[in-house]
Amino acid sequence: MAKTKKYYVVWEGNNTGIFDSWSECQLQIKGYPNARYKSFKTKEEAHQAYNGNYQNYYGSNKKTKPVISEAARADIVWNSIAVDAACSGNPGVMEYRGVDTKSADELFRVGPFRRGTNNIGEFLALVHGLAYLQETKQYDLPIYSDSKIAMGWVKKRKINTKLERTAINDKMFKLIARGEQWLKSNQYANPILKWNTKEWGEIPADFGRK
C-alpha cells in the first residue's frame, strides 16, 4: 500500500513555510530549540494552518511537538545521546537509531527489520547506543530512552517478548542474541536516563511518524 502523502507546516524553525516531505521538514527543525511544526493530510489544510494562528493547530493532537519550557529544558542533560525505534505495525517493519541529544545529528541507524516490535527496537537501540559509547570511549556520557520496558530489559540483560521467531525475522533475533551477550560480557558506567516526553516533547531520536 502506498504511503499517504503529507504536508508539513513549520511555524518556527531554521526556515518557516510548507514542506512536502518529512526529510525537508527535518532540515528546518533540526537543532532549533522549541521548533513548532505539524503535519497535514492536504496542501489546502497546510496553507490554512500556516496563514492562520498556529495556536489553533499547535498542540491539537499527538502529531504536534509540544513546546518545551525553559524550566523544563534546564532538566535535560544535553551532553548525551538519545535513542528511539519506529515500527510500522505490531509486529511490523522496525528500525532504530541514535542521535546527539543537543544537535539531533544521527550517530547510527539500523534496519529495517521485518516482523519486529517497537519494544525490541527500543532494546536494540539502547544496547547499540551503549556499545557505541564504549567504542568511542565516552564512558560517562548518559543515554536517553523513552521506553521503560527496554530500560528494564537492558537492566536484566535479556528481552521478554512473546514474538515468534521465524525465517522472516531470524536476522533480528540473531541481533537480539548478540545484544544480550554484549550486556553479559561488558560493564558500562553510562547512565541510562528516562526521557520525560510529557514535559520535553518527543525524544530527539524520534522518527516523527506518529
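The values are calculated or read from the model by the stated rules, or taken from the named source; none is laboratory data. Small disclaimer: the values here were computed from a predicted structure and weren't measured. Positions of Cβ are backbone-derived with ideal geometry, glycine not excepted, and every protein chain shown enters the neighbour counts. All accessible areas refer to the heavy atoms of the entire protein, side chains included, with ligands and DNA or RNA removed. Shrake-Rupley method; radii C 1.70, N 1.55, O 1.52, S 1.80 Å.
What number of residues in region 26-46 are surrounded by fewer than 16 Cβ atoms within 10 Å (Cβ to Cβ) and of a type in the set (Gly, Ala, Ser)? Matching residues across region 26-46 total 1.
Could you check region 88-113 and list, in sequence order, the residues that are of a type outside the set (D, E, K, R) and under 11 Å from the mean Cα position of the chain (by Cα)?
Selection gives Tyr96, Gly98, Val99, Thr101, Ala104.
Criterion applied to Gly111, Gly98 was being part of a strand (DSSP E or B), at pLDDT below 90, in contact with a Phe, Trp or Tyr (Cβ under 7 Å, 6 or more places away or on another chain) and not hydrophobic (A, V, I, L, M, F, W, C), and the one residue passing it is Gly111. All of Gly152, Gly111, Gly116 fail the test of being small (Gly, Ala, Ser), in contact (Cβ under 8 Å) with a residue 24 or more places away in the chain and open to solvent by less than 60 Å² (accessible area, probe 1.4 Å), apart from Gly116. Here Glu199 meets each of (1) crowded, with 18+ Cβ neighbours inside 10 Å; (2) touching a helix residue (DSSP H, G or I) at 6+ places or on another chain (Cβ under 7 Å) with one exception, condition (1). For Leu133, the conditions (1) open to solvent by less than 20 Å² (accessible area, probe 1.4 Å); (2) at pLDDT below 95; (3) over 14 Å from the mean Cα position of the chain (by Cα) all hold with the exception of (2). Of the helices (runs of 4 or more DSSP H) lying entirely inside region 115-201, the ones with 3 or more residues being small (Gly, Ala, Ser) and under 24 Å from Ser88 (Cβ atoms) are found at 118-135.
Okay, residues lined up against (1) open to solvent by less than 50 Å² (accessible area, probe 1.4 Å); (2) in contact with a strand residue (DSSP E or B) (Cβ under 8 Å, 6 or more places away or on another chain):
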{"position": "Gly129", "(1), (2)": "yes, yes"}
{"position": "Lys156", "(1), (2)": "no, no"}
{"position": "Asn160", "(1), (2)": "no, no"}
{"position": "Phe173", "(1), (2)": "yes, no"}
{"position": "Tyr188", "(1), (2)": "no, no"}
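Each residue in region 86-99 was checked for being among the small types (Gly, Ala, Ser) and without any contact (Cβ under 8 Å) to a residue 60 or more places away in the chain, and 2 pass.
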